[in-house]
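Take a look at the structure set out below.
What follows draws every value from the coordinates through simple rules; no lab data is involved. Bear in mind the structure is a predicted one, so any value in this text is a computation, not a measurement. All Cβ positions, even for glycine, are placed from backbone atoms using ideal geometry, and neighbour counts span all protein chains on display.
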Amino acid sequence: MKNTLLIRKQSPNYKWYILALTGLTCAVITGAGRMCMPVLFEQIGSDLGLSVVAIGTVWGMDPLAGIFIGIPGGLLADRFGIRRTLFVICILAGIFGALRGFSVNFFTLALTMFLFGLNVAAMPSITPKVTTLWFSGKELGLSNAILNIAWSIGAMIASQFSATVFSPLLGGWQNVLFVLGAPAVLLGILWFVTGREPDKDERPDRQASEVPFREALFKVIHIKEVWIVGIMTLTSWGAGMGFIGYLPLYLRNLGWTPTAADATITLTNGISTLGVIPMVLLSNRLGQKKVLAMAIVAQALSAGLVPFLTSQGIWALIIITGFIRSASSALFSVIIFETKGVGTAYAGTAIGLASTISMVGAFLAPPIGNSLETIDPGAPLVFWGCLAAAGLPLILMLKSKSPKGERVISGS
């Protein structure tokens, strides 16, 4: 009880604690829990007898779940608050993440990936709501950048060590998934014990409100900018999911060592960690739309040019394009938060709607792209590059915003 009272005591540092807890949640669940899979797919496919298209389908189960949970996840966060919602999400993510290790065939792996995805895919519509409650102005973009950094760190650790270190050390890919489930459960307990929304005296302008489901959904579906961002993330997340799931397999088939092939994903996430804050700060000077346009072009090139480059060229491409596009996720969230009519009251629902739209692309893009492998091994990469580029014209449909990055529009 004493510790709980200390946590609940108003403190100027508490918002940074809650941001750190949110960052750990992103690192463990959406970072390590999700990104361990691409580098483990070779072992999993060999043990379970899965084809390249089957692997792409399994990889798409996670975002498929997002189609069903994206909006409900945001509604739950708006209705019940981040503390109670993330407590449940973390516990279930840990359990279902571990259950993937019991898979014995395509069906059981696809099912457990879907169940895991129901929780993981809800995160993009829940965790950013934390930043809208506790931060504003330039701190809003910075706090979302920090969440992306946390995600990248978890993803880096998982992608670099899951197949080449953890799997041999723990005795197989199944045990890797078992072990990665435990931290999520511990985080759920931390959310229940120490998490809370801001008090009225701390953030009178950013109070969490329990908005009825119907009211929140009806309000958000009539906001055009939310749909535009959703379609933009559909192309971006679709291209990203396909690229990350396929690249290690593609490079290994070219003769790269497993360690080097997995390192490309680690480097991608690492460069994002280094670039996200500088690129967010750059957007404060140049404007969000210009930096987003740069990010989309960089993502298109990062996938589409791989089949035409040497090994050295691929490494250089990953470094350059990864840095430029590192802030895209944070900027997508900030654009939604700062859209007129959203604000803190409907932030979870708005992000949930955009995430649901984006998950359609993330589900369909991996198996569609992987199926092109029969034409040419590089064809999937070119396809995902074109898909990413398709989001570029949509930037023109977004309303212009001052590059100072200081305006936050509250919902009404």
| query | Scattering from the C-alpha atoms of segment 237-396 alone, worked out with Debye: what is log10 I(q)/I(0) at q = 0.09, 0.10, 0.14 1/Å? | reply | -0.31, -0.38, -0.73
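So if each residue of separation counts as 0.36 nm, and I subtract the Cα-Cα distance between SER311 and CYS386, what length gain in nm does that give? Let's see the in-between values first.
Working: separation 75, 0.36 × 75 = 27.00 nm, distance 2.18 nm.
Gain on stretching SER311 to CYS386: 24.8 nm.
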| request: Would you be so kind as to identify all helices of the chain, as entire DSSP H runs, whose Cα atoms reach 30 Å or more along the helix's own axis and whose mean Kyte-Doolittle hydropathy is at least 0.0? | output: 52-80, 138-161, 173-194, 224-253, 258-286, 347-371
| query | Helix-derived [θ] at 222 nm for the chain: sum -39500 (n - 2.57) over DSSP H runs of at least 4, divide by residue count, nearest 500? | reply | -24000 deg cm²/dmol
| field | Listed residue (ILE95, ALA388, SER136) projecting farthest to the positive dipole end of the chain, Cβ model | value | SER136
| note | Diffing segment 165-171: the Karplus 3J(HN,Hα) column from phi (6.51, -1.76, 1.60, θ = phi - 60°), in whole Hz with x for Gly and Pro, holds 10, 5, 4, x, 5, 8, x
| Bin by bin, in steps of 20 Å, what percent of the Cα pairs in the chain do you find, going until the bin that has the longest distance? | 29, 60, 11, 0
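State the extension gain, in nm to one decimal, for the chain segment bounded by THR374 and LEU111, taking 0.36 nm per residue of separation less the distance between their alpha-carbons. Intermediate results must be reported in sequence, preceding the final value.
Values: separation 263, 0.36 × 263 = 94.68 nm, distance 2.62 nm.
Gain on stretching THR374 to LEU111: 92.1 nm.
Full-extension gain between GLU139 and THR259, please, as 0.36 nm times their residue separation minus the C-alpha to C-alpha distance. If you can, show how the numbers build up before the last one.
On the way: separation 120, 0.36 × 120 = 43.20 nm, distance 3.76 nm.
Roughly 39.4 nm would be gained on extension.
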